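The values are calculated or read from the model by the stated rules, or taken from the named source; none is laboratory data. Model, not experiment: these values are computed from the prediction. Glycine also receives a Cβ, built like all others from the backbone with ideal geometry; neighbour counts cover every protein chain displayed. The accessibility values were calculated without ligands, DNA or RNA, using every heavy atom of the protein model including side chains. Shrake-Rupley method; radii C 1.70, N 1.55, O 1.52, S 1.80 Å.
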Amino acid sequence: MGDSLAFCRDIACIIDGNVIADGVKVGSLSWHGVELAGNSAMILTNIHVERRIDSENLVAADTAQISLTGSSTPLLVDYFGERNSWGDARIGLNNFSYGQLANPSGGHSDSFDEIFSRRLEWLDRRFNTSSARPARHLASVLSRQGQFEASRLVLESAFSTEGSFRSSFGGRMMAQIFGTLFGHGVNGTRAAITVLAIWLLGVFGTVNLETRGLLVEV
């Protein structure tokens, strides 16, 4: 623990300062009815959790931080909405590994668009927004759980993030064009529409040239 002051009453715990744990091994990790005041932080890094991380009812402004960088757990139980596990805190997700999500959408819905929108908001609050590793890991977990469409959307978002941070202007432009036309290779519908549009453009151009007598048989 480091530099922290916690006021605990009944089921509520207000943390004013920093709670720090690094490189430890625990059976389970959980927080319930916790408030992170002001710029407070829970720094829970490089922790090996044997069973689950179970989080619920956290109140935190966007000035607060929760870091799980380098930590791992077989199961992540978290919620969005009224039973909010993360508040509005910024989250350290780089190299955070979880084997399964108990609630992919952060609630009871299995709708792929809700899973994608909720988890994208979660990813957008990570410390390093230029890193696509948290999104790639999420896509892998969702795929293993049979949420293939949500996984594809998250993976497409990850490719888009990687492309937008390429070092050269040309590389960024090529990534944007490839994403727009082919969905970074993971959007079959967009790729099919692009190929069909190119084919129709070629047919139209050929017919137009033939109509104007500009095609010559040899």
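Residues being under 20 Å from the mean Cα position of the chain (by Cα), over 22 Å from Gly99 (Cβ atoms) and not small (Gly, Ala, Ser): count how many of those fall in the range 64-82. Steps first, answer last, please.
Our first condition is that a residue be under 20 Å from the mean Cα position of the chain (by Cα); within the range 64-82, this holds for 64-81.
If we keep only those that are over 22 Å from Gly99 (Cβ atoms) too, we end up with 64-65, 81.
Then keep just the ones that are not small (Gly, Ala, Ser); that gives 65.
Total meeting the criteria: 1.
Are any residues in the range 21-31 in contact with a Ser or Thr (Cβ under 8 Å, 6 or more places away or on another chain) and either over 13 Å from Thr73 (Cβ atoms) or exposed (fewer than 15 other Cβ atoms within 10 Å of the Cβ) (or both), and if so, which ones? Let's see the steps before the verdict.
So the first thing to find is which residues in the range 21-31 are in contact with a Ser or Thr (Cβ under 8 Å, 6 or more places away or on another chain), and the list is 21-23, 29-31.
Residues satisfying the conditions are Ala21, Asp22, Gly23, Ser30, Trp31.
Quick one: which strands (runs of 3 or more DSSP E) lie wholly within the range 45-154 and hold at least 1 residues that are β-branched (Val, Ile, Thr), open to solvent by less than 10 Å² (accessible area, probe 1.4 Å) and under 26 Å from Val24 (Cβ atoms)?
On the way: elements: 48-60, 65-67, 72-77, 90-92, 97-101.
Hits in the range 45-154: 48-60, 65-67, 72-77, 90-92.
Starting from the range 100-129, take each residue that is more than 14 Å from Asp88 (Cβ to Cβ) and free of Cβ contacts under 8 Å to residues at least 40 places away in the same chain and list its partners that are β-branched (Val, Ile, Thr) and part of a helix (DSSP H, G or I), counting only C-beta distances under 6 angstrom and pairs at least six apart or across chains.
Pairs that qualify, where the first residue is more than 14 Å from Asp88 (Cβ to Cβ) and free of Cβ contacts under 8 Å to residues at least 40 places away in the same chain and the partner is β-branched (Val, Ile, Thr) and part of a helix (DSSP H, G or I), are Ser105/Ile115.
Quick test of your reading of the structure: Ala191 fulfils all but one of (1) modelled with pLDDT of 75 or more; (2) surrounded by 11 or more Cβ atoms within 10 Å (Cβ to Cβ); (3) among the hydrophobic types (A, V, I, L, M, F, W, C). Name the failing condition by number.
Tallying (1) modelled with pLDDT of 75 or more; (2) surrounded by 11 or more Cβ atoms within 10 Å (Cβ to Cβ); (3) among the hydrophobic types (A, V, I, L, M, F, W, C), Ala191 fails exactly one: (1).
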